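Trainee: Take a look at the following structure, please.
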Amino acid sequence: MKNTFVYALAGVLSLVCLAVEAQTMKIGHTRIDYILSLTPENKVITDLLTNQQKQTQTEINRLQQELQDKYALYQKGVAQMTDIIRKDRETELQGLQSRIQEFSRTSDEAIQNKYKQLIWPTVAKIQQAIDTVAKQNGYTHILSTGNTGAILYAPEETNITELVLKYLDITPGQNVGQPAKAPSPSTPAKRVAPKPAKKK
């Protein structure tokens with residue numbers, strides 16, 4: 001009987017503690033990707049990397065054209081080639097194709113890594129602004145409702161995005177709703193595999 005009373009009392013105290021904790025919690029939400037899209041740094045970085053990506057794509061196009069030209073010459077003269085010359089030309093074409101694919105892959109990785117490196121100070125600045133705004137307004141938790149968030153619903157009155165933008169001295173108007181993102185990958189190299197010549 002005594003144990004039952006103790007358990008019941010413990011249960012009541014737990015409910016009281018949860019109720020008090022719920023009253024002291026103040027949860028807000030924001031979208032870092034949206035805020036980032038409005039920063040002047042994001043536009044500068046995106047323009048810089050987009051230009052770098054265009055240069056990379058130009059080189060890929062040049063290499064692909066070189067591959068297509070050499071493949072056309074291979075097809076035109078393969079019937080008259082000896083086995084040694086044919087194999088040499090095929091090896092050259094396959095090597096050039098592999099070179100294009102490797103160049104495309106490493107270039108994309110370099111651009112993505114450069115973007116992360118350049119954008120990180122801005123993201124850190126935004127996070128610091130969120131921390132400050134949350135503390136100034138008595139929030140205990142700030143949730144992310146952006147593309148990477150898993151929040152399905154959040155009331156608009158707890159949205160601190162405008163407060164964070166004001167703290168960062170950013171006025172919405174440009175690029176509204178355009179989330180920040182790294183430049184898209186380069187166009188993958190087209191596969192041009194030489195076909196072995198038919199033996200007569």
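The values are calculated or read from the model by the stated rules, or taken from the named source; none is laboratory data. Fair warning: this is a prediction, and the values are worked out from it, not measured in the lab. A quick note on method: Cβ atoms are made from the backbone with ideal geometry, for glycine too, and the neighbour counts reach across all protein chains shown. Accessible surface areas use protein heavy atoms only, side chains included; no ligands, DNA or RNA. Shrake-Rupley method; radii C 1.70, N 1.55, O 1.52, S 1.80 Å.
Trainee: List pairs: first residue in segment 31-43 and within 16 Å of S144 (Cβ to Cβ), second residue open to solvent by 20 Å² or more (accessible area, probe 1.4 Å) and modelled with pLDDT of 90 or more anywhere in the structure, Cβ distance under 8 angstrom, at least six positions apart or on different chains.
Mentor: Matching pairs, first to second residue: I32/V123; I32/Q127; I35/L168; I35/I170; L36/V123.
Trainee: Could you list, in sequence order, all residues of segment 74-83 that are open to solvent by less than 80 Å² (accessible area, probe 1.4 Å) and part of a helix (DSSP H, G or I)?
Mentor: Y74, G77, V78, A79, listed by residue number.
Trainee: Let me ask something additional. For segment 31-46, name all the residues that are in a helix (DSSP H, G or I), of a type outside the set (A, V, I, L, M, F, W, C), out of contact with any Gly (no Cβ under 9 Å at 6 or more places or on another chain) and surrounded by 18 or more Cβ atoms within 10 Å (Cβ to Cβ).
Mentor: The answer is N42, T46.
Every residue, every condition in (1) assigned to a helix (DSSP H, G or I); (2) at pLDDT 90 or above, yes or no:
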| residue | (1), (2) |
| --- | --- |
| L9 | yes, no |
| L15 | yes, no |
| H29 | no, yes |
| L48 | yes, yes |
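Trainee: Kindly provide the set of residues from segment 132-157 that are more than 13 Å from R31 (Cβ to Cβ), open to solvent by less than 70 Å² (accessible area, probe 1.4 Å) and not in a loop (DSSP other than H, G, I, E, B), ordered by number.
Mentor: Result: T132, V133, A134.
Trainee: What are the residue pairs meeting all of these: first residue in segment 67-90, first residue touching a residue at least 60 places away in the same chain (Cβ under 8 Å) and of a type outside the set (A, V, I, L, M), second residue part of a helix (DSSP H, G or I) and open to solvent by 30 Å² or more (accessible area, probe 1.4 Å), Cβ atoms under 6 Å, and 6 or more apart or on different chains?
Mentor: Final answer for the pair search is Y74/R89.
Trainee: Moving on. State which residue is nearest to the chain's Cα centre (by Cα) when the search covers only segment 84-106 and only residues that are surrounded by 13 or more Cβ atoms within 10 Å (Cβ to Cβ) and under 20 Å from T46 (Cα atoms).
Mentor: The residue in question is R105.
Trainee: Here is a further query. Taking E109 as meeting all but one of (1) surrounded by 12 or more Cβ atoms within 10 Å (Cβ to Cβ); (2) more than 30 Å from D169 (Cα to Cα); (3) of a type outside the set (A, V, I, L, M, F, W, C), write down the number of the exception.
Mentor: For E109, the exception is condition (1).
Trainee: G95: part of a helix (DSSP H, G or I) and modelled with pLDDT of 95 or more, yes or no?
Mentor: yes
Trainee: Given the condition under 30 Å from S144 (Cα atoms), hydrophobic (A, V, I, L, M, F, W, C), in a helix (DSSP H, G or I) and open to solvent by less than 50 Å² (accessible area, probe 1.4 Å), answer yes or no: does some residue in segment 59-72 qualify?
Mentor: No - not one qualifying residue is present in segment 59-72.
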